[in-house]
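Data block below; observations after.
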Amino acid sequence: MTGELSRRTLLAGVGAATLSTAVTGCATGGVTNREAVHLGPGATGPVTGSITVWSWDSAATALTRLARKFQARHPGARIHVVDIGYDNADDKITVGLRADTGLADVVTVDGARLPAFIGNFPHGLHDLTPLVRPYARDFDRAALRTATSEQGRIHALPWDIGPLAVFYRTDLFRRSGVDPASLRTWDDYVRAGIAVKAKTGAKLLVLDPSEDSFFPCLMQQQGQRHFKDGGKVALATPEAVRALELIKAIGDHGLIHWERGWDGLVTANKEGKVATMPTAAWWSGTLTTEMPELKGKFGVVPLPAFRPGGVRTSNQGGSTLCITGQSKNPRLAWAFIRFLLTDKDNQVSMLQREGLFPAYLPALQDPYLDKPQPYYGGQRVWKVFTDLAPHIPPVEYTDDDAKAADITQQALTGTVLRGHDPRRQLRAAARQLAGATGREIVAG
Amino acid sequence: MSTPTETTRRGHRGRIAPVRLGRWLIRLGLLLGGVLSLIPFLWMAIAATHRTGDLFHSPPPLLPGGELLHNLERLQDSVGFGRVMLNSLGVAVVHTFLSSLLSAMCGYGLAKFRFRGRGVLLGVVLGTMMIPLQVLLVPLFQMMASLGWVNTYQAVIIPFLANSFGILLMRQGFLDFPDELLESARIDGSGELRTFYRVVLPCVRPQLGALVIFTFMTQWNSFIWPLLMLNTEDKYTVPIALNTLTGLSHVDYSGLMLGSLLATLPLLLVFLLFQRQFVAGLLGGALKG
Amino acid sequence: MAVQSPTASAVRGTGRTRERADRRGRPRFAHWIFAGPAAVLFVVFFAYPLGASFYQSFTSTENGRTAWVGLDQYARMFQDPSFLDSMVNTGIILIVQVPLMIALALILAVLLNQSWLRFRGTWRTVYFLPAVTTLVAYAVVFQVLLKTDGGLVNQIAGALGLSPVDWLNDPTWARTSLIGSMTWRWAGYNAVILLAGLQSIGREQHEAAALDGAGTVTTYTKVIFPQLRPVLLFCVITSTIGTLQLFDENYTLTRGGPDDATLTPVLYLYKVGFQQMDFGYAAAIAWVVVAVIAVISFLQFRFFGRERER
């Protein structure tokens, strides 16, 4: 009886394995079929049907608002916007892409995550190259780069970007006698920080020890992120070392306030623990919403450059809109995306009402961006970002960015918190990343 | 602890001073532990009654504020919390009922019957307890999609109805059930199902109570699976709805804490109701197991 | 139960025995009515995912194309510093947190078992509450409490003259915070279970021991606890399996950081699968976790369970 049992169990096991293999095979086969589906340029005709759009937070609010406008213009079109939350949105999208089913027609994807999706699921998101081509020059270069695959195909349309600048406390600077315009290079910045700490006790900036974004931004300011030259590991380049040495210097002077999470960031700013926030344009929304009592105490200047006359901005964040390969109505999806993102008025409205800084450059010419902003004591803050946006260095992203981010984080804390030598840490990090991904390291 | 001997020794006047002191110390210790257990809930109550912006101070406010109604309104506006609570309730109740029934039946089958494949089934039950859920998500999702069950409640409820822990718990309870009672019921001509329902089940009510609490708790707080399966906001359950309050550049802390506090209430209710059974049930199930 | 004439039931009984029942008088396929539904559900909903993930662990996906790589993914694990860290962390948590929590739960249970204690139900509820908190609330609350600058715990430490501790940003302290918060969450839950066990043992044992002249401590260690062994085993095993599969607490509290100090295998496999999209590797890690759990559970049963039979 036992023998029969085990034989049966064995058969069951083999059956299950065979079945699962067969099904898995079918799944992959289905994806290849999708290669044939693509949108031709100039898809004209009445725009009808219904689509679902996934987004989160204020982006979802913007979409819902503009969807109504779109539906008014195109009776017969129904747009369903669903807020899937930000934290686990990627999980939902990943599972949907992997299972090749269950996704909405349009999904919002973080610019930084997009290359991973495109790389791992080459047929998961529609190839929009012929449709985007007429608009290519109107979009921020760096953002468009994230939407472009290694083969040069464009799989998304950039929505908003996060150009970096320095938000500084005007009152703390005044008290310390620091002129914000003098922060031309990072050395000036550190010097200013020392002065501010001496006079007011406030540190320079906040860093998150578990999910830092400043280090990669400093690298992007110099033209690279974790990879360059065709996907080679760039963690040990002179640019990377320079960036890490800068952070180490700031830390060595006791000017870093370590705080975990978004609420830590907000609290530190609310309480004047730090005098500056080198961060992206969307931080403005947080300031005006969570710190109304600090109105008039903030100003914005471009990032200090690494060398006099160098690039004075970088990018953090920004999202894109993609049409999933599973969509049953890609034509309506494209019509909606185009309506949202290539219309100046719509883009400006999203800046005004939801704080989303457009990746669509023509929108930046709107007079709204030239207006004095009362929260900043009348400074034309948006103009600062408008002037900076075209200079954001486009960088390479690969599908190994998540791994790289983890390793980079460890190099950061190892150097700044535990005092190891930056160059050595980065070389080790580069080796670790190269080993884990099978990539080469950039020479020199 | 009082024993007959001790009482006699000390006389009938009550406890002597050192014992009384000892008891007060114990009470104090329990109180301290209780406060520690409750501190997070106190914070949730505080956070739920302030505006999010006001929470970002160090030290954070230590007394409740007056924004409760305002926050409730906002919670209802932003995620339709009332509807969401009902969704969660519906899903959890149905799942708990079906799962408990299933676990009871399977546990009974495993405990009281000898059959080929019993060992295999037991092995499967034990084995599935050891698998991390994360690795099953994608294939399970594919299955749901091929059944056309994406964005349905069946997909949320059915796949996890067979619950290893529940089956094992019930099995322990049934192992103790005296076979003679079963025999006499059978001899009296009662069918298997009726025997189960009339004779056996009432005796394992404690274990059932414990099972109900565990299952309800787990299903109520279940997050990743409903997150993957539910795609329209009016179908969301509580954890998923609260998840949308965490945004990219903005977290609605007061709403989140209020929602979490409200979400704890049904669980508390279930525990209070089934408490007595729970305690007896676990002891019955685990003690002999 | 219906009243029947002995002859009738005997006849009916015999008929059943001959036709559909086995030797013990039970209908032959009754067990399938009971065990069937669950068995079917297991097969339908778990067989494919298990098979798929097992198959996946032998594959690797590059640019959307999946290829068979044999044991490569498994071999990779043992050279992967993050994976090794996660195993070490789990070991640390297992050795420190589980005994600590069970000991605490035991003490609590003993205290709650005092015969003179009133409002036992209220105490039980209060101590059980942490286990029913939503995870997001748990995380937010502890982050507020443990914030380096201005968190409640550091404020109290400051008031007592101690220097503030970097609870969530320093690797060792982060582990401590994780262990502490896990204990907070589950000690009461286990205490309630152990309390039930204690209450079933009953007063007589205490009295008998006292009559024999045993002090409080001896009563507990020599008489009560040995009888509590099955319940204790239950708590130990469920806590162990929970720790070996730890994901919820460290994901929400620290995301596995800083520097992988609070990384556990299941959290790692989630990162590998969902963030790095390396599903083959994630599957391999999962199956190694299963193997470890199986071995440790088996050992625990062997080591602790056997005594019970004596």
Return a yes/no flag: does region B:225-233 have any residue that is among the aliphatic types (A, V, I, L, M), facing another protein chain (nearest Cβ under 10 Å) and out of contact with any helix residue (DSSP H, G or I) (no Cβ under 6 Å at 6 or more places or on another chain). yes
Just one listed residue, out of A:T18, A:T2, is away from chain B (no Cβ under 14 Å), surrounded by fewer than 16 Cβ atoms within 10 Å (Cβ to Cβ) and modelled with pLDDT under 50, and it is A:T18
If we scan region C:158-170, do we find a residue that is more than 11 Å from every other protein chain (Cβ to nearest Cβ), under 30 Å from C:P258 (Cβ atoms), touching a helix residue (DSSP H, G or I) at 6+ places or on another chain (Cβ under 8 Å) and in contact (Cβ under 8 Å) with a residue 24 or more places away in the chain? no
Matching residues in region C:237-252 - criterion: being without any contact (Cβ under 8 Å) to a residue 60 or more places away in the chain and hydroxyl-bearing (S, T, Y): C:T238, C:Y251
How do the pairs read when you match residues in region B:257-272 that are more than 7 Å from chain C (Cβ to nearest Cβ) and in contact (Cβ under 8 Å) with a residue 24 or more places away in the chain with residues anywhere that are buried (at least 22 other Cβ atoms within 10 Å of the Cβ) and polar (S, T, N, Q), using Cβ under 6 Å and keeping only pairs 6 or more apart or on different chains? B:L258/B:N71
Given (1) within 14 Å of chain B (Cβ to nearest Cβ); (2) at pLDDT below 90, index of the condition A:A116 fails: (1)
Unique match (being over 24 Å from the mean Cα position of the chain (by Cα) and within 13 Å of chain B (Cβ to nearest Cβ)) among A:A77, A:A89, A:A72, A:A99: A:A99
Tally of residues being at the interface with chain A (Cβ under 8 Å from one of its Cβ atoms) and over 21 Å from B:F141 (Cβ atoms) across region C:36-64: 1
Looking only at region B:52-95, filter to residues that are away from every other protein chain (no Cβ under 14 Å) and among the polar types (S, T, N, Q); which one of those is surrounded by the fewest Cβ atoms within 10 Å (Cβ to Cβ)? B:Q76
Taking the stated definitions as given, is A:A428 modelled with pLDDT of 90 or more and either under 23 Å from A:F306 (Cβ atoms) or of a type in the set (G, A, S) (or both)? yes
Within region B:159-208, take every residue that is closer than 26 Å to B:G123 by Cα and among the acidic types (D, E) and give me the one that is surrounded by the most Cβ atoms within 10 Å (Cβ to Cβ). B:E192
Please specify each residue of region A:402-419 satisfying the condition of being buried (at least 20 other Cβ atoms within 10 Å of the Cβ), more than 7 Å from chain C (Cβ to nearest Cβ) and not aliphatic (A, V, I, L, M). A:D406, A:T408, A:Q409, A:G414, A:T415
Name the residue that is farthest from B:M105 (Cα to Cα), counting only residues in region B:200-221 that are aliphatic (A, V, I, L, M) and in a helix (DSSP H, G or I). B:M217
Result of the Cβ filter at 6 Å on region B:165-179, keeping first residues that are of a type in the set (D, E, K, R) and partners that are not in a loop (DSSP other than H, G, I, E, B), at least 6 apart or interchain, is B:R171/B:G107; B:R171/B:L110; B:R171/B:A111
It is to be established whether one or more residues within region A:339-356 are touching a residue at least 24 places away in the same chain (Cβ under 8 Å) and within 14 Å of chain C (Cβ to nearest Cβ). no
Whichever residue in region A:278-291 is small (G, A, S) and outside any strand (DSSP E or B) and, among such residues, is nearest to A:S176 (Cα to Cα): A:S284
Filtering region B:147-193 down to residues that are over 26 Å from the mean Cα position of the chain (by Cα), facing chain C (nearest Cβ under 10 Å) and part of a helix (DSSP H, G or I) yields B:D179, B:L182, B:E183, B:S184, B:A185, B:R186, B:I187, B:E192, B:L193
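With the requirement that a residue be assigned to a loop (DSSP other than H, G, I, E, B), within 9 Å of chain A (Cβ to nearest Cβ) and touching a residue at least 24 places away in the same chain (Cβ under 8 Å), what does region B:237-256 give you? Steps first, please.
To start, the set of residues in region B:237-256 that are assigned to a loop (DSSP other than H, G, I, E, B) comprises B:237, B:244-245, B:247-250, B:252.
Filter again for within 9 Å of chain A (Cβ to nearest Cβ), leaving B:244-245, B:247-250.
B:T244, B:L245 - these are the residues of region B:237-256 that are assigned to a loop (DSSP other than H, G, I, E, B), within 9 Å of chain A (Cβ to nearest Cβ) and touching a residue at least 24 places away in the same chain (Cβ under 8 Å).
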Only residues that are at pLDDT 85 or above and over 14 Å from B:L272 (Cβ atoms): list them for region C:113-130, please. C:P130
Against the condition acidic (D, E), within 30 Å of C:V126 (Cα to Cα) and within 14 Å of chain A (Cβ to nearest Cβ), how does C:D248 come out, does it pass? yes
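Return yes or no: is C:I92 surrounded by fewer than 20 Cβ atoms within 10 Å (Cβ to Cβ) and facing chain B (nearest Cβ under 10 Å)?
When the stated conditions are applied, C:I92 does not pass them.
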Residue count for region C:182-217, restricted to those that are without any contact (Cβ under 8 Å) to a residue 24 or more places away in the chain and farther than 21 Å from C:W116 by Cβ: 2
Would you say A:P122 is within 14 Å of another protein chain (Cβ to nearest Cβ) and either surrounded by 24 or more Cβ atoms within 10 Å (Cβ to Cβ) or closer than 30 Å to A:T437 by Cα (or both)? yes
Go through region B:102-116 and give me each residue that's at the interface with chain C (Cβ under 9 Å from one of its Cβ atoms) and buried (at least 16 other Cβ atoms within 10 Å of the Cβ). B:L102, B:S103, B:A104, B:M105, B:C106, B:G107, B:Y108, B:G109, B:L110, B:K112, B:F113, B:F115
Would you be able to tell me the number of residues in region A:306-330 that are surrounded by 19 or more Cβ atoms within 10 Å (Cβ to Cβ) and either part of a helix (DSSP H, G or I) or of a type in the set (A, V, I, L, M) (or both)? 3
Within region A:257-277, the residues that are assigned to a strand (DSSP E or B), buried (at least 24 other Cβ atoms within 10 Å of the Cβ) and either modelled with pLDDT of 90 or more or facing chain B (nearest Cβ under 8 Å) (or both) are A:V274, A:T276
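The values are calculated or read from the model by the stated rules, or taken from the named source; none is laboratory data. This is a predicted model, so every value here is computed, not measured. Counting neighbours? That spans all protein chains shown, and the Cβs are built from the backbone with ideal geometry, glycine included.
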